[in-house]
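This report refers to the structure that appears directly beneath it.
The values are calculated or read from the model by the stated rules, or taken from the named source; none is laboratory data. Since we're looking at a predicted model, the values are computed, not measured. Counting neighbours? That spans all protein chains shown, and the Cβs are built from the backbone with ideal geometry, glycine included.
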Amino acid sequence: MKSLKITLKGSLLVCSTLALCAAASNAFARQSAPIICDGYEAPKTKLLGERTGRSLQAALEAYNEDRIPESVEILKEMNPREPFDKASVDRFLGQILVSMDGDNFAEAGKLLASAANSGVLNDRDQADLLKLNGDLSLQEEDYEAAIDWYDRWMEFTCKSDASTYTKIAKAYTELKAFDDVLVAADKAIALQEKPDKNPYALKVNALHEQKNYVGAVGVAEILVELFPEEKQWWTQLGFFYMLIEDYEKALATFSVAYKQGFLTKKSEYKALIQLYASNEIPHKSAELHQKYMEAGMVENDAGALATLANTLHQAKEFKEAADFYGKAGAMDNDPENYRKRGALLLTAEDYKGAVTALNKALELGTQDESKVHFSLMEAHFYNNDFRQANVHAEEARKDPTLRRNANAWIPYIKEKAKNRGINL
């Protein structure tokens, strides 16, 4: 049995006398009609048999005095013959069993279903029981039964409300019947007296499952407008904008969420970092990436360091980018990280550092060996080491894609060496 508890005290299940029961039921019916179907006329209130009434009264007194086992025992010993009396006993016993701790739900469910299916209870009791059976079925994950009970309640009473349609939408969600979810959620939204997030959330989920991301964006925008103080709608909307590749709106949404302190998950921090980069604001992306990395909010592994290095490269922070490629390479020994570090140090005119990094790339077995040789040629040349520049030029020219450029460099290297009195 799940956690649902039913409180019976003060209900009209059993009254102190049969006369009071009839009077109370009639008075309550006048206050709020259980059925509003066109042409409906309330039938005469049914009353319990005298023997059943006395036993039920004894059971209720025991229940009200917290003598629950005694109340259950009284009810189980009863064996009324009249359909109305039997349905009333089943209803009372079923509700008590549902309210108790222990494995009583299966028995309670049978009793409550039997009472409702008999169709002999007074209208208000029948209406309440139909909805109760729907709630219990939903809680016990019997979603088809829950939908059936809710439909029967609406057909019997000619009533509908946002709460019931929201529950139906939830049941259809669990059944993965997403078209039906959308229909039920829209009915719930139309019947709302004040905004409730649940049918909107069920609708967003259904549209997402159908891969209707544009539709999901539209509903998520409404959620943000109606519930601006709830963080999850902001980040969800931002991710939906990313799915439809509207990165400008995605960044605007995540930026607002960031300023309001709504970002709490690693995926959200990473999304903001990525969005600044994709919107060509690499300086801000790199700033946040480094901040979150140092705070432990995103990964601090070789892949993350290489990504940060790439962003800094976009921001033309060549020396800093090279430093992070070096840190990444030290972690994973990936020759590509050393190759990129060497290329950036070459751009930053740190020729000695470039030579060290590029040689490390060769040592680790880079796949772009000819490109590394070409970069080493340049680094050695600008470091006035013309012999090594020539050696790497000769290696680079072995690659057909680089041969023309390498051949153009070799005479220039030799001329520089000759002017310095160096024999190659």
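Evaluated against (1) within 28 Å of SER278 (Cβ to Cβ); (2) in a helix (DSSP H, G or I), ALA406 falls short on exactly one condition, (1). Selection of first residues in the range 307-318 that are more than 15 Å from MET331 (Cβ to Cβ) and of second residues that are modelled with pLDDT of 95 or more and outside any helix (DSSP H, G or I), restricted to Cβ pairs under 6 Å at least 6 apart or on distinct chains, gives the following pairs, ordered by first then second residue: PHE318/ALA348. What tally of residues in the range 73-116 results from selecting those that are among the hydrophobic types (A, V, I, L, M, F, W, C), in a helix (DSSP H, G or I) and farther than 24 Å from LYS46 by Cβ? Residues flagged as among the hydrophobic types (A, V, I, L, M, F, W, C), in a helix (DSSP H, G or I) and farther than 24 Å from LYS46 by Cβ within the range 73-116 amount to 2.
Quick check, is GLU221 assigned to a helix (DSSP H, G or I), closer than 24 Å to LYS259 by Cβ and more than 17 Å from the chain's Cα centre (by Cα)? Judged against the criteria, GLU221 is not a match. All of GLY421, GLY326 fail the test of being in contact with a helix residue (DSSP H, G or I) (Cβ under 9 Å, 6 or more places away or on another chain) and either under 24 Å from ALA304 (Cβ atoms) or among the small types (Gly, Ala, Ser) (or both), apart from GLY326. Only residues that are surrounded by 17 or more Cβ atoms within 10 Å (Cβ to Cβ), touching a Ser or Thr at 6+ places or on another chain (Cβ under 9 Å) and not aliphatic (A, V, I, L, M) were counted across the range 199-230, and they come to 2.
With among the aromatic types (Phe, Trp, Tyr) and more than 18 Å from ALA277 (Cβ to Cβ) as the only criterion, which of TYR292, TYR338 stands out?
Every option except TYR338 fails the conditions.
Residues in the range 376-403 that are part of a loop (DSSP other than H, G, I, E, B) and on the phi < 0 side of the Ramachandran plot: ASN383, ASP385, ARG397, LYS398, ASP399, PRO400, THR401, LEU402. Screening PRO43 against (1) more than 47 Å from the chain's Cα centre (by Cα); (2) closer than 22 Å to GLY119 by Cβ; (3) at pLDDT 95 or above leaves a single unmet condition, (3). Among the residues examined, LEU275 qualifies as among the hydrophobic types (A, V, I, L, M, F, W, C), in contact with a Phe, Trp or Tyr (Cβ under 9 Å, 6 or more places away or on another chain) and under 22 Å from GLN314 (Cα atoms). Annotation note: of GLY342, GLY329, the sole residue that is more than 30 Å from LEU263 (Cα to Cα), in contact with a Lys or Arg (Cβ under 7 Å, 6 or more places away or on another chain) and free of Cβ contacts under 8 Å to residues at least 60 places away in the same chain is GLY329. The listed residues are MET331, MET377, and the only one of them that is farther than 30 Å from LYS284 by Cα and aliphatic (A, V, I, L, M) turns out to be MET377. Figure legend. Inter-residue proximity from the range 412-424: first residues within 10 Å of ASN390 (Cβ to Cβ), second residues loosely packed, with under 12 Cβ neighbours inside 10 Å, beta-carbon distance below 8 Å, spacing 6+ or different chains. Indicated pairs: ALA417/ASN423.
When every residue of the range 339-348 is checked against the conditions, none turns out to be outside any helix (DSSP H, G or I) and under 26 Å from ASN419 (Cβ atoms). May I ask you to verify whether SER285 is buried (at least 21 other Cβ atoms within 10 Å of the Cβ), hydroxyl-bearing (Ser, Thr, Tyr), out of contact with any Pro (no Cβ under 9 Å at 6 or more places or on another chain) and not in a loop (DSSP other than H, G, I, E, B)? Taking the combined requirement at face value, the residue satisfies it. Cβ separations smaller than 8 Å between residues 6+ apart or across chains give the following pairs from the range 175-196 residues that are free of Cβ contacts under 8 Å to residues at least 40 places away in the same chain to residues that are in a loop (DSSP other than H, G, I, E, B) and among the aromatic types (Phe, Trp, Tyr): PRO195/PHE227.
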